[in-house]
Each structure stands twice: as C-alpha cells, then as structure tokens.
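Here's the structure we're looking at; comments come further down.
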Amino acid sequence: MNIGIVCYASVGGSGIVATELGKALARRGHEVHFISTETPFRLGEFQAGLAFHQVLTPTYPLFREPQYLLSLANRIVQVAREFRLDIIHAHYAVPHATAAFLSRQVLASGHHPTPRVVTTLHGTDITLIGNDPSYSQIVAFSIEQSDGVTAVSESLRQTTYAELGVTREIEVIPNFLDCSLHRRQTIPSLRGRFTGNDPNVKIVTHVSNFRPVKRVDSVLAVFDRIRQALPARLLLVGDGPDLDKASRLARQLGITDLIDVVGAQEEIVPLLSISDLFLLPSAQESFGLAALEAMACEVPVVASNVGGLPEVIEHGVTGYLHPPDAIEEMAASAIMLLRDPERHRAIADAACLRVRVDFCADRVVPMYEECYRKLVGS
Ligand code: GMT
C-alpha cells in the first residue's frame, strides 16, 4: 500500500509513534511518505520504502498568522496525486485530521480512487487542545469525517466521546516499540560518568518535552525526598518550556549539583539502560510512551494514575501509580524500590515482560495494517 503519514516533526510522543510506524510499515513492504514541516525526529538513516515531503508555509506581509492548515492540506494533495496514496494517516487531530479531510475533499474530484483518511488521536489533541472551545467544533467534525479513527488507549477513546461528543467508532491501537532496539544495554562507563563510579549512587530519570502537563515541579519534589533517603542523581532528558523551571527549582532546593540536564536525545536506550528508576508524575497522560520505553529497558516506573497509564502499568506489579499530587506516596514507592534490590528486580522483569508481550511492533503494527486494509477494500 502507499501510505502518507502526516505528523509533527518535533520531539513528542505522537511524532515518535508516527515515525516508528512509518519505519515498520516500510520494512513490511509498504511505500511510506512522511508529510511534515521537518524531517521527523528519530527518522534515522535512509531506509528503502521511506520518503519525506516537506510542508512549507510561506509568509506574506498581509498575514500575521501562519497558514499551516492550508499549506499542509495542499502538500497532502500533491503527494497523494504524485504517489497515488491509498491511505492518508493523520497523527494528532489538531489540525492534521482537518488537513486530511480537506485534502480528501479535493482529491475526490480526481480519477485515482480517493485515499482513505485515518486519524490517530494521541492525547493532548483531545484533552488539552482539541476540547478547547476555540477548536472543539472543527476537531470533532474532522474526527467524525475520518474514514478510520484510532486512539492510543481506552482512556483516550472514552475522553474523546465524553469531551467532544463524537459518536463514531474509535478503535484502540496502543503505542508500541521496536523491541529489538528497546532493550537494556550494559554500559558501565556511561553510568560511571553520572555516578562518579560510586556503586551506591542511584540514577533517577525523567524524559519528556518539559511542558506544564509533565509536572516538573513534582519530578523535583519527589527526587528531593529520594536524595534525602539515599545517594542519588537526577537525569533530565528532553527539552521544552519548563526545563528552565526545573533548573530554577533545583537551585531553590539546593540540589543543582545532583542534577544532570542532557537535553533532547535521539538515542534514549543508553540513558535508560543506566537508570535505576523512572519518574512520570504527569497531570495527564493518554498513554505514556516514555514510561513504556523505560519499562522495555528494565527500569521501574513511578507515575501518576491518570489517563492511559493504568493500561500500561499495573500498580505494584509492573510499576507504581499514585495520584498526580501524591508526592509523599511517589517518593515512598521510589525509595522502597531503590532500597530493595529483589523488589526492584521483580518489577523490572515484570515491566519488561509486559512490554514484550503486548507492546512490540510485531504485535501492534499489523493492527494498523488491518485498519488500512478494511478501509481500502471498502
Ligand atoms: O506529551 C507528550 O509526550 C507529547 C504528546 C504529543 O502530543 O505528541 O504525547 C501524547 O502522545 C503520546 C503518543 O501517543 C502519548 O504517549 C502521551 O501520553 C501523550 N501525552 C499526553 O497525553 C500528555
């Protein structure tokens, strides 16, 4: 099949999932065309069957507003016509589902069978942005008008029905990993760089795009309690508007020396492989791809029991979940795990097994193929 994947190129779960899906589909013999403003983060080396088409949004002195929706829809039409796309797969509803809808309307007047539009809902496109009164009517309409709609968790599916009043069928297809790459590596030299080669020092890690929803204040508050209980360092991976806030809070707590800020990284596996614990105290999380990556690398996760996280982490079995503001409970679970090697090993093993059984590309990518097949055949 010829598949156009529309996604954000910036660091963020939806772009990562879209990119990994495209790579996996190309490996399975499909022709995949990424349509985005920049080469997607994590696209990596050239791979046969993959192409990238840039969306350019020209400026004009009359416009104070960038016309992204128009330029994106126009680019989708061009790519669909030139490469005879069967499927246009929009990742993140705002405004990609709308651009896909618009382009399908234009393409419907052509000779080639009109491509089918699939929209994958990722989270904030419903919970933070899509349900905003400034967008909600058009987002709901675009979701209703897609030929197929998927959500990354049951929680997000239900939120979409409840908050946008959408009534159509939405299929849950969970996020996934390339499990051949997401596995713990042994890298003592890297670990030593952060611990000063002290075997007693534990590495606590947080990976995100540092937006307010990720609650960096809670990350710092939990870590502050951990480091008072045992020798530990905090590794902050990623970049975003709240990274400065994290540094400011660290200064206020007097723990700047215990924190390593490494910025956005494409190669996440080595950093997770040297980690002892992963913190994800988000206010909302429709799935929690970062938690899944940690689990695959045998790193126990302490997270919020919000959104889709309980579909990924079973409390007390594959990680620990607490209410988003329960700093003391999160710190207690973290300290217990870091002090109890047997419990730590059991949770790490169970978490890794859960990923390998339910969230590897080999299991999940065929669900997307089946979704496409049903639509193209119809
Ligand atoms: O918050 C992020 O990490 C980025 C965000 C996005 O919009 O790209 O992620 C959302 O989609 C991810 C991939 O499906 C999910 O794993 C995240 O849980 C979700 N983020 C939120 O719901 C806050």
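Throughout, read-outs are computed from the coordinates displayed, never taken from laboratory work. Here the structure is a predicted model, which means the values were calculated and not measured. A quick note on method: Cβ atoms are made from the backbone with ideal geometry, for glycine too, and the neighbour counts reach across all protein chains shown.
See the values below:
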| quantity | calculated |
| --- | --- |
| Integer Hz, Karplus 6.51/-1.76/1.60 couplings in order for segment 114-129, x for Gly and Pro | 5, x, 8, 9, 10, 10, 9, 8, 10, x, 5, 5, 10, 6, 10, 9 |
| Check: segment 188-358 dipole with +1 on Lys, Arg Cβ and -1 on Asp, Glu Cβ, in debye | 340 |
| Extension gain (nm, one decimal) between Asp178 and His315, 0.36 nm per residue minus Cα-Cα | 46.9 nm |
| Long-range amide H partners of Arg116 with built H, under 5 Å | Ile87, Ile88 |
| At 0.692 mPa s and 37 °C, Stokes diffusion of segment 269-378 via Kirkwood alpha-carbon radius, µm² per second | 224 |
| Descending semi-axes in Å of segment 188-358, equivalent ellipsoid built from Cα gyration tensor | 21, 19, 16 |
| Ser286, Ser180 arranged by Cβ crowding within 10 Å, fewest neighbours leading | Ser180, Ser286 |
| Given charges at Cβ of Lys, Arg, Asp, Glu: segment 188-358 dipole, positive-most of Leu292, Leu338, Ile268 | Leu338 |
| Coordinate range along principal axes, alpha carbons of segment 177-222, Å, largest first | 33, 31, 13 |
| Length-normalised contact order for the chain - Cα pairs under 8 Å, 6+ apart - percent | 14 |
| Mean projected area in nm² (Cα convex hull; one quarter of hull surface) for segment 3-69 | 4.8 |
| Magnitude of the charge dipole, the chain, Cβ model with Lys/Arg +1 and Asp/Glu -1, debye to 20 | 460 |
| For the chain, radius of gyration divided by Kirkwood radius, i.e. Rg to Rh on alpha-carbons | 0.99 |
| Spin-label pair Glu169/Ser109, simplified geometry with 7 Å Cα→Cβ offset, distance in nm | 3.2 |
| Spin-label pair Glu267/Thr57, simplified geometry with 7 Å Cα→Cβ offset, distance in nm | 3.4 |
| Environment charge of Arg343, counting only residues whose C-beta is closer than 15 Å and scoring Lys/Arg +1, Asp/Glu -1 | -3 |
| In segment 63-159, the chymotrypsin sites (Phe, Trp or Tyr not before Pro) that fall in loop regions by DSSP, at most 13 other Cβ within 10 Å | Phe63 |
| Residue among Pro58, Ala26, Gln105 farthest towards the positive dipole end of segment 3-117, charges placed on Cβ | Gln105 |
| Amide H contacts of Val149 (H built 1.01 Å from N, under 5 Å, at least 5 apart or other chain) | Thr119, Glu171 |
| Gaussian network model of the chain, springs between alpha carbon atoms under 10 Å - residue of Gln67, Gln78, Gln185 with greatest fluctuation | Gln67 |
| Among beta bridges that DSSP assigns inside segment 188-358, antiparallel share in %, nearest 5 | 0 |
| Computed [θ] at 222 nm, helices only, for the chain once each DSSP H run of length n ≥ 4 contributes -39500 (n - 2.57) | -13500 deg cm²/dmol |
